[in-house]
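The values are calculated or read from the model by the stated rules, or taken from the named source; none is laboratory data. All values reported here derive from a predicted model rather than from experimental measurement. Quick reminder, even Gly has a Cβ in these numbers, built from the backbone with ideal geometry, and neighbours come from all protein chains shown. Heads up: the accessible areas ignore ligands, DNA and RNA and are worked out on the full protein's heavy atoms, side chains in. Shrake-Rupley method; radii C 1.70, N 1.55, O 1.52, S 1.80 Å.
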Amino acid sequence: MTTYLVAGGGLVLMLWFALLIGTSLDTEGQRREWRRVAEQRRAAREERQGERRPLEPDDLCADCPLRR
């Protein structure tokens, strides 16, 4: 009886590890996820750049080297 339990447990563990290794090798799923992350980063960067505005002469102080 114990032999069957050990063999069955070993078989279940082997199948579990095979499943884990198979999912870790799913490169297409990883690519999809990294594309989604990259799109979010691009959107955040575009949003930040949209908030910026160019400097105008009135924004600079009289002694500022950028005024020259």
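Summary of computed values
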quantity	calculated
Region 1-49, accessible surface, carbon-and-sulfur percent (1.4 angstrom probe)	65 percent
Two-site FRET efficiency, residue 1 against residue 21, from Cβ-Cβ distance with R₀ of 25 Å, rounded to 0.05	0.20
Largest-first ellipsoid semi-axes for region 1-49, taking √(5λ) over the Cα gyration tensor eigenvalues, angstrom	45, 9, 4
